[in-house]
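Step one of this worksheet: look at the structure below.
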Amino acid sequence: MRYLVLDVENSVTHHEYTNRNGDIKKHIDMGPYGPKNYLVSVGFQWVGDEEGSYFCIKHNEQQPTLSARESIQFALDQCDVLIGHNLKHDLKWLHECGFTYDGPTHCTQIAEFVLLRGRKASLKLKSLAEKYKVSDKKIDLTEGYLADGVGFEAMPWDIVEEYGRGDVNTTTELYIAQRDTIDEDDNKGLWPTVRMMNAFMYAIIEMEKNGISVDFDELGKIKADYIKEHAQLQRELTEMAQAVIGDTPVRLTSNDFLSELLFSRKVTDKNKWKEVFGIRKDHRGKDLPRTRMKNKPFNVALQRNSTVTKRTVVEACPICDGAGTLPKFKKDGSPYKKFPKCTRCLGETVVYTPTHKVAGFKLKPTDVNDLAAHGFATNTDKLERLLHNAKDEARLFIEKYARYNAVSSYISTFVEGIERYTGGDGILHTSLNQTIASTGRLSSSGPNLHNQPRGNTFPVRRAFVSRFDGGKMLKADYGQLEFRGAGYLSGCTIVRGDIDNGVDVHSYTRDTINAYDNEPDITRQDAKSDTFKPLYGGMSGSPRQVNYYKSFLAKYSGVTAWHEKLKTEALTTKRVVLPSGREYAFPGAQRLQGGYVKGTTQIVNWPVQGFATGDLVPLGVLSVYRKMKARTDLKSVMMITVHDDLEIDVYPGEEEEVTKIITEGLLDLNAMCMEFYNLDFKYPLEVEVSIGPNLLDQDTIATEHN
DNA sequence: CCGTCTACGTA
DNA sequence: CGTACGTAGACGGA
């Protein structure tokens, strides 16, 4: 067997843009799909050799290496396993530059990610070299250049070559050390996951390459509508706010301001505030439980640590007389060129004098959970809960404000995100990252296409259209995949029975919750989060929610028993092992005083999320990828996967063929699990296919079962 | 300038 | 004691 370690360097493009505040922001395009980027150099080394080869492809000073292309392709043709650190990047470049390789791979970043078993640690080559104590001889002169915006194409060639050869060398030694580590008895069960993720990498490269086609005319219209709505809301909200605060300037985009406006109180000392109410986060950035306080002490603490905000009247600063500056003279009596800011108005030229009238909407927080580090929480869910005690004007303001916040997000994050990352070819090549999420599912960035508002309500989806004249956008979703995955993993017969009988678990959730009391009815969509909460170890909520969670655990007793089994496994082995071979480490698992197992929510959540969307979906997508590759006559292309779906840009006339391929591929999990995990995975699955002219207007055309 | 906090959205 | 993500803007301390 011949093992080839390879690494490419490429030019990058710096994209600068101005946001709506006038701030200049930038991002760097490292990929091969921008028309400006090009391949600078390629280095490779055979495992077992002392030294490798290095080739110049295109560099400002250095002549391209003679016969570089032939030598590189020859090596690729000879190799049995291609190795690299973040090999997806190198393969994308090789493919775009006309090289061919589609054989087995070993990405050291993927392998290390699997070995980490869900723990977070740096996956940079440098960090791994330290961890495995392999030589990292290269003197890293490139960082300084890169920081100054000098790319590999413009650095002195001897630095590029030294760095490149060093990288290949380090990766070679890392590969050997890492392979030996995975071969150890304690780790060898991870090989199937490593191999699966390497195989799946090809499907990801295909999707990143194909990307999604954007209709800029349509996007422009949608943006214009949003901007109009945003401006209107801003006017109305400003007016409403101004009416209750006097002359104080309105700053709608500031959470500090909103907190003070809604609750009519200003925090005296933010650090003290956090301390008193126990507003802290753990190392992962998650909220820790806050100080438990009964009503009375809570209100006393509120009063002690904040002051009531008063309406103001504006007047010219009495100290500087409205100049904003105070005259200052040198020793010789001549004036300074620039006078310092006025100490009273701080250069604002005006001062706001409090009146005796309370400012703002005078909302009352119910408990510590309505607070935030800066003052009072102003997010939509919390505010919604306070709505029923609020006066009409406050309620109207809050409702408008929620929409204002949402529209701001739609414009900045979604519309402008799409605009700035879409290249000149009109295609959005978002990144699908394999080594980020602890559970093993993908993440998406540049921009994130995994968090677009769902379904048929978000007009921005209308701007995602087929790249083919008369083409269609097709989407296939697994139905209730995580619920089914939990059913499989737990072996719960009640879950299985419900699936076999076509019981819709979310409707069951909705009906159970609605039947409990006279609170307003929830919809099936609302009920989804309630279905999943107990599945993932959640138990807190309103009385009717808690009632449902209890009944869920009682009904699906197999799931409840499985939760106990997982906790025992985590306690005794500090690990949880999935049928695929994927593992999660819980080094801190221990039983606390009250019997609660530390980390329970992750112990019961990760296996469900990871098995469904990290182990199964990739196999389904990979199967579709293979089927599409095998059909060289088809022109349709895979675009993206969003956790439990797969989206394809369909060439006119290929609708039926693609529907068949996508359903057969996604339902092909028994054979795929056998191939990759040596697992006889038999469980009823459902795939629903929809199609339309864009990603907004979609009609369901098929529902298939295995 | 950079990290923290808040808020938005998804499966 | 639902979990897993990415992005943007405001703010405050270096």
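Bear in mind that the values in this text are calculations on the coordinates, not laboratory data. Not measured: the values here are computed from a predicted model. Neighbour counts are summed over all protein chains in view; Cβ atoms, including those assigned to glycine, are modelled from backbone coordinates with ideal geometry.
Quick notes on this structure:
- Packing-based ranking, highest mean first, of A:215-222, A:582-589 given that Cβ atoms within 10 Å are counted: A:582-589, A:215-222
- Estimated vicinal HN-Hα couplings, Hz - region A:460-474 in sequence order (Karplus 6.51, -1.76, 1.60; Gly, Pro = x): 4, 4, 5, 7, 8, 10, 5, 7, 9, 4, x, x, 10, 9, 10
- To the nearest ten degrees, helix A:481-490 and the longest principal axis of the Cα atoms of chain A are 70 degrees apart.
- Working note: 222 nm ellipticity from helices only, DSSP H runs with n ≥ 4, each -39,500 (n - 2.57), summed and divided by the residues of chain A, gives -13000 deg cm²/dmol to the nearest 500.
- Over region A:4-109, the reciprocal of the mean inverse Cα-Cα separation, the Kirkwood hydrodynamic radius, stands at 15.2 Å.
- In range of the label at A:K400: residues from region A:336-375 whose backbone nitrogen is under 16 Å from the point 7 Å along Cα→Cβ: A:360-362
- FRET efficiency for A:D269 and A:Y596, using Cβ-Cβ distance with R0 set to 41 Å, rounded to 0.05: 0.75
- Model label zone, A:A231; criterion: amide N under 17 Å from point 7 Å along Cα-to-beta-carbon; scope region A:396-415: A:404, A:407-408, A:411-412
- R0 of 60 Å, Cβ-Cβ distance A:A243-A:L66: FRET efficiency to nearest 0.05: 0.20
- Taking chain A and dividing mean pair separation by its residue count, relative contact order in percent (alpha carbons under 8 Å, at least six apart): 13 percent
- Alpha carbon centroid spacing (whole Å) that separates region A:648-696 from region A:504-532: 30 Å
- Out-of-range pairs (alpha-carbon distance over 32 Å; input A:K228/A:K272; A:K36/A:K228; A:K58/A:K126; A:K286/A:K400; A:K36/A:K660): A:K228/A:K272; A:K36/A:K228; A:K36/A:K660
- Virtual paramagnetic centre 7 Å along Cα→Cβ of A:D180, amide N under 18 Å, in region A:122-157: A:128-137
- Using a simple spin-label model with pseudo-atoms 7 Å out from Cα toward Cβ, A:Y683 and A:F339 lie 7.5 nm apart.
- Peptides A:470-480, A:365-375 ordered by packing proxy, namely the average of other Cβ atoms within 10 Å per residue, highest first: A:470-480, A:365-375.
- Shape class for region A:284-437, computed from the alpha carbon gyration tensor (a ≥ b ≥ c): oblate, with a/c not under 1.5 and a/b at or below b/c.
- Cα gyration tensor category, rounded, prolate or oblate, for chain A with a/c compared to 1.5: oblate
- Over the Cα atoms of region A:470-585, the radius of gyration divided by the Kirkwood radius equals 1.05; this is the Rg/Rh ratio.
- Remark: relative contact order (region A:574-692) = 21 percent; criterion is Cα-Cα distance under 8 angstrom and separation of 6 or more residues.
- Modelled this way, with points 7 Å down the Cα-to-C-beta line, the labels at A:M674 and A:S551 are 4.2 nm from one another.
- Gyration tensor (alpha-carbon) shape descriptor, region A:466-526, a/c threshold 1.5: oblate
- Efficiency of FRET from Cβ geometry, A:A316 and A:R292, R₀ 51 Å, rounded to 0.05: 0.55
- Residues with amide H under 5 Å from that of A:T349, placed H, sequence gap 5 or more: A:G324
- Relative contact order, whole percent, for region A:123-244 stands at 21, derived from Cα pairs under 8 Å and 6 or more residues apart.
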